[in-house]
Structures are given as structure tokens and as C-alpha cells.
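The values are calculated or read from the model by the stated rules, or taken from the named source; none is laboratory data. Bear in mind the structure is a predicted one, so any value in this text is a computation, not a measurement. Every residue, glycine as well, gets a Cβ built from its backbone with ideal geometry; the counts of neighbours run over all protein chains shown.
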Amino acid sequence: MRLLRARETKGVGIAAAVALLSACVAGDGDHHDVVPQDDGVGVLRSAVDLSDLDAGCSTSGTEGISAQLLDEMLCLTEGRFVRFSHPNITLTSSRVHPYLSPAAKRGIEAAADSTSIRINSAFRTLAEQYVLWLGCPVAAEPGSSNHESGKAVDVDNYSSARSALLANGFDQPLPGSDPVHFEGPGEDLRSFSVLAFQRLWNANHPGDRIDEDGICGPQTRGRLERSPAEGFAVGRVCGVGPPPLDAELVEQGSDAAESPGGEADYVVCAGDPVSFWVELRNTGGAVWTDSGGGDAEGQAVRLGVPSDVADPFVGTHRVSVADSSNPEVRPEAADPPGGDCTDPGCRRTVFTLAGAAPGAPGLVVSTWRLVDEGRAWFGPEAVFRVMVEDCPEPEPDGGTVPDGGDADLDADEWPDGDVDQPAPDAGPDAAVEDASGPDPHRRPSSPMSGGCGAAGGPAPSLIGAVILSLLP
């Protein structure tokens, strides 16, 4: 009741729920202010994941991870996301993050020149929005709230502050159902909020990386629910160099024929030799070698099958970087840095995977990924989808038996164009060369002829024998 009165809200239904959400986002309790530190924020992993929190319309319990996410976002945005303050601006809770775009900051501080403003909520981290979405039916999905954009504030005393805010560039988009909510001018930065989480997740889970694309899709949301509420073991990533182990897939291919259909990438005959190749770039901080392992990252790098089962084409589950085109793959961050080539000491390398197609037909998938043996899998997967077909064996001369032919004859007994062959039932004198017309001894091509002359007539070889007997 106290929170509803403080919000000047008397409505019921959705309007009351929205009001309760805005008031409870900050919540109650004694908590330290969330102020990002220049040297980064890092804490040990908690046993409580974000999905375990039951905070209702509150962000309580997310202080640790939110401090890390805010710190990362401030570094990523480089002045495009700034802190606001004014003697007439009051934050109703220590969990309110007073950060907006520069244009929105100027607007709210100008509004505060003429009136007092009490802020219930301003910027929200992706973790805070996720927890609200779990517990509050009117909360937007994580990654889609305007409070993640650096432009929105919820104002406790919205009635008295409304005129000053509207006069200084703010809008009140839902005055009936959400009167506390105001949106200011400036750049929409919500993708950076998502990116901050993606970067911290990858830094703490090199073997379970997700796309760093600023989009809160299924990959990101699935990791968000498993993230520690008190914060990651590794805090800020921005400004501290690339992760030790990281890679980019430059290109992949095969000497197999491309598949005409969409089910597979390539098509190959069962048992035939086939090879694949994978080109990768070192985008991390460690040099890739395979010296048998050691204390540092990157000393036992191989291209491997993630399932640790021998590949159906190559017959093994590991190929050492020492057997690639570049046995010492140096990243740009190395000293000295690697050049952008695939020669020894460069940033890129090519793995060649040679083998043979399985004997059984069907769709076969070959999957490879880099691994620093005994430490972590890293980088993207290279996937080859191959349709293995049961191809017929060719005839000895590379052809097939023609229609109406005699399969009992050897290949060198067949007519081969202009040279006449003797009929199987005629003597050696039956072969003649007739330059004036069609070869009377050629095996007919029509399957209806059954290998003989016209229906009811003598065989062409017999006619030839008769003509020879009449010659002087």
C-alpha cells in the first residue's frame, strides 16, 4: 500500500500493475550504490542463477551481475551512455542506475532546473529486465524494453514533473496505462546492453560461446537464465584485450561435387576418396601451437570432433595444428604479431582432412571445432553435410551394354564405328567394308530388332555371304 500511495496511483487492473512494476523495480532494502569502477568488476560465481530468483516486480538479487553488465556497457559505448545528476533529482532506491543517452541526460537535467524529479527506474541491465519479465506480467521481454535503451525513466512524481519533462524533449507515450513512463531523445543503445551480457558470458564460458550480435535470441536467453545472480568470475572484458582462445572461421570446402539439393552440401560415391579443408583465423590473445600442453593457453591446439568420436570420413577425431599449413598461428595481439596469411607465424591456418566416404549410402555429417586439449573447446564449428550415394560400377571400357546388344561379347568384340566386326555365327570371310552405304553388319540399335535384320528376313551377315558367292 505504501508503494502505491507513493506512486500517486489509484487505478486497478493493468494500470495498477504497471504502476506497481515501476515502483518495485527499484525495491526496498539497504544496498550499496551501483557505481561502475574503472578497473572492472568481478566476483565469484553464486550458487543462485537468475532463473532461481523469485523477486516479483523487483530487481532484488541482481546487484552483482548488474554492476558487471553496466560496467561493460559503459566501456563499450564510449561516452554515448552517461550518468545524470542534479540537486533536484532523487533516486528512490540504490538499485536505480542513473544513466541515459547524452541528449536524454541534458533533457532531464534541464527539467530538474524548474522542478523536483523522483526517479523510480532509469536504465535496466539485461539481467534486471529478465528477472522482471519472469515475475511481472506487464514487463517487456529482455532485450526489448525501452529501459535498456538509455532513453527511458519512470518518474515517481509524474504529475508534478510532467510539464517540465515534456518541455525538455521527453514524451509520455502511455499516459493512461503507464503514466510514470517517460522517454527522452537520443540514440537507442539497447543492443549494447545485450552485447555486454554476451561478451561476459563468452569470457567465462570459452567452451560454450554464443554470438556477440547484440540480439537477445534463444541462445542468449538460454544462457541468461543460467547466469549467476551475484556476478561472473571474470568481470569486464572491454578494454582488457581479447580472450586468450578465440577463432574465426574464414572458409571451408571440399573436393567433392556440390549437391544439387538443399539437404546436403556435397555428394560423393560410397567408398570414394574425399577431402575437406577448413581455414581459421586466430582472433584471441594466445599463440596456437601443439607442443604437448603446458600451463598457458594455446599449447595443445587441435582441430577435433566435438563428440570425441572418430570422424566417419577421416577416421580420427583430432588433427594437430602442427599438421596444418601453419604450426604456429600468431594472433594480431601477439608480440610480434602474425601477418594476415596462412604461412608459418601468420594469423591464419588451413587444416586438410583427407579420407574416404563410408560404404553405406545416406546423409553423413562431419563436424569439427578447435580445442586446446585439456583446457577448452573454442571458436565456431565447421560442418560438412555429405550425401553418400551407392554408385554403379562402370563397365571395363567405361561404358554400358547398349540396348539390344549381346552381353556375352567382350568389350573389344563390339562394333566401334567404321570397322566391321564379324557376326558371331559367321566365318572370318563374312567381314566386309562397304563405303557406299550403311554397314550391313552393324549391330542394330533398335531394341525391337532383337539383334537381327528386318522381321521375317534373313540376317544381314547371311545376305553378305550370298553376295560374295555371286561375285566373279
Handout entry: Single match in CYS238, CYS216 (criterion: touching a Gly at 6+ places or on another chain (Cβ under 8 Å), of a type outside the set (A, V, I, L, M) and outside the structural domain of ALA104 (by TED's automatic domain parsing))
Key = CYS216
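Is it true that some residue in segment 297-309 is of a type in the set (Lys, Arg), surrounded by 19 or more Cβ atoms within 10 Å (Cβ to Cβ) and touching a helix residue (DSSP H, G or I) at 6+ places or on another chain (Cβ under 9 Å)? Spell out the reasoning first.
Going residue by residue through segment 297-309, those that are of a type in the set (Lys, Arg) are 302.
So of that shortlist, the ones also surrounded by 19 or more Cβ atoms within 10 Å (Cβ to Cβ) come out as 302.
Those left that are additionally touching a helix residue (DSSP H, G or I) at 6+ places or on another chain (Cβ under 9 Å): 302.
Yes, because at least one residue in segment 297-309 is of a type in the set (Lys, Arg), surrounded by 19 or more Cβ atoms within 10 Å (Cβ to Cβ) and touching a helix residue (DSSP H, G or I) at 6+ places or on another chain (Cβ under 9 Å).
Has segment 128-140 got at least one residue that is of a type outside the set (Gly, Ala, Ser) and in contact with a Gly (Cβ under 6 Å, 6 or more places away or on another chain)? Full working, then the answer.
First pass over segment 128-140, keeping only residues of a type outside the set (Gly, Ala, Ser): 128-134, 136-138.
Imposing the further condition that a residue be in contact with a Gly (Cβ under 6 Å, 6 or more places away or on another chain) reduces the set to none.
Scanning segment 128-140, I find no residue that is of a type outside the set (Gly, Ala, Ser) and in contact with a Gly (Cβ under 6 Å, 6 or more places away or on another chain), so the answer is no.
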Practice task
May I ask you to list the residues in segment 363-418 that are modelled with pLDDT of 50 or more, exposed (fewer than 11 other Cβ atoms within 10 Å of the Cβ) and small (Gly, Ala, Ser)?
Solution key: GLY374, GLY398, GLY399
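Filter segment 211-239 down to the residues that are closer than 23 Å to TRP288 by Cβ and surrounded by fewer than 14 Cβ atoms within 10 Å (Cβ to Cβ) and list them by number. First the steps, then the outcome.
Filtering segment 211-239 for residues closer than 23 Å to TRP288 by Cβ gives 211-212, 234, 237.
Result: ASP211, single match.
Could you identify the single residue in PRO179, PRO228, PRO175, PRO185 that is under 25 Å from the mean Cα position of the chain (by Cα) and of a type outside the set (A, V, I, L, M, F, W, C)?
Details: PRO179 fails: under 25 Å from the mean Cα position of the chain (by Cα); PRO175 fails: under 25 Å from the mean Cα position of the chain (by Cα); PRO185 fails: under 25 Å from the mean Cα position of the chain (by Cα).
Sole residue among the options that is under 25 Å from the mean Cα position of the chain (by Cα) and of a type outside the set (A, V, I, L, M, F, W, C): PRO228.
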Exercise for the section: Report yes if some residue within segment 206-221 is at positive phi, assigned to a loop (DSSP other than H, G, I, E, B) and over 20 Å from the mean Cα position of the chain (by Cα); otherwise report no. Expected result: no
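Where in segment 94-197 are the helices (runs of 4 or more DSSP H), entirely inside, with at least 3 residues that are within 24 Å of GLN68 (Cβ to Cβ) and either among the acidic types (Asp, Glu) or in contact with a strand residue (DSSP E or B) (Cβ under 9 Å, 6 or more places away or on another chain) (or both)?
Details: elements: 102-112, 126-135, 158-166.
The qualifying helices (runs of 4 or more DSSP H) are 102-112.
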Practice task
Being part of a loop (DSSP other than H, G, I, E, B) and surrounded by 14 or more Cβ atoms within 10 Å (Cβ to Cβ) is the filter here, so list the residues in segment 241-251 that pass it.
Solution key: PRO242, PRO243, PRO244, LEU245, ASP246
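Inside segment 344-364, can you point out the residues that are outside any loop (DSSP other than H, G, I, E, B) and touching a Cys at 6+ places or on another chain (Cβ under 9 Å)? Spell out the reasoning first.
First pass over segment 344-364, keeping only residues outside any loop (DSSP other than H, G, I, E, B): 348-356, 362-364.
The one that is outside any loop (DSSP other than H, G, I, E, B) and touching a Cys at 6+ places or on another chain (Cβ under 9 Å): ARG348.
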